Amino acid sequence: MGFPTKVQLIKRQASEQWYVNFPAALAQALEFSRGETVEWTIEDNSLLALRRLHPPPGLLKKTPAASAPHSPNSGQPASPDSPGSVPPSEPKPTP
């Protein structure tokens with residue numbers, strides 16, 4: 001979903017400034033702080049990228065993958081004869 005925004009120009013006697021504001025919903029969703037520093041990068045004539053110099057830490061903590069297979073129900077190491085450790089046998093033909 002995009003957020004259409006108009007580019008604004010403020011002309012003064014000695015200078016001019018261009019402004020691009022983004023919607024409050026976007027700022028709140030990204031948890032921006034007042035006065036936060038960002039960096040603009042021109043990708044091409046149709047793409048301007050905004051990068052946060054000091055983004056907040058992520059909410060989800062990544063956990064390392066287990067080194068040994070575990071039973072899906074108990075968390076205990078899978079036994080060699082558990083259903084997940086051996087391929088299923090082929091079904092017997094019906095008469």
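Considering every residue within the range 53-72, establish whether at least one is in contact with a strand residue (DSSP E or B) (Cβ under 7 Å, 6 or more places away or on another chain), modelled with pLDDT of 65 or more, within 30 Å of Val7 (Cβ to Cβ) and surrounded by 10 or more Cβ atoms within 10 Å (Cβ to Cβ).
No, that holds for no residue.
Could you please find all residues in the range 1-59 being outside any strand (DSSP E or B) and of a type in the set (Gly, Ala, Ser)?
Answer for the range 1-59, where residues must be outside any strand (DSSP E or B) and of a type in the set (Gly, Ala, Ser): Gly2, Ala14, Ser15, Ala24, Ala25, Ala27, Ala29, Ser33, Gly35, Ser46, Gly58.
Starting from the range 1-18, keep only residues that are more than 14 Å from Leu48 (Cβ to Cβ), then list their pairs with residues that are hydrophobic (A, V, I, L, M, F, W, C) and surrounded by fewer than 10 Cβ atoms within 10 Å (Cβ to Cβ) whose Cβ atoms are within a distance under 6 Å, requiring at least 6 positions of separation or different chains.
Sorted first by the residue in the range 1-18, then by its partner, the pairs are Leu9/Trp18; Gln17/Ile10.
The values are calculated or read from the model by the stated rules, or taken from the named source; none is laboratory data. The shown structure was predicted, so the numbers you read here are calculated from the model rather than taken from an experiment. Please note: Cβ atoms are built from the backbone with ideal geometry, for glycine as well, and neighbour counts cover all protein chains shown.
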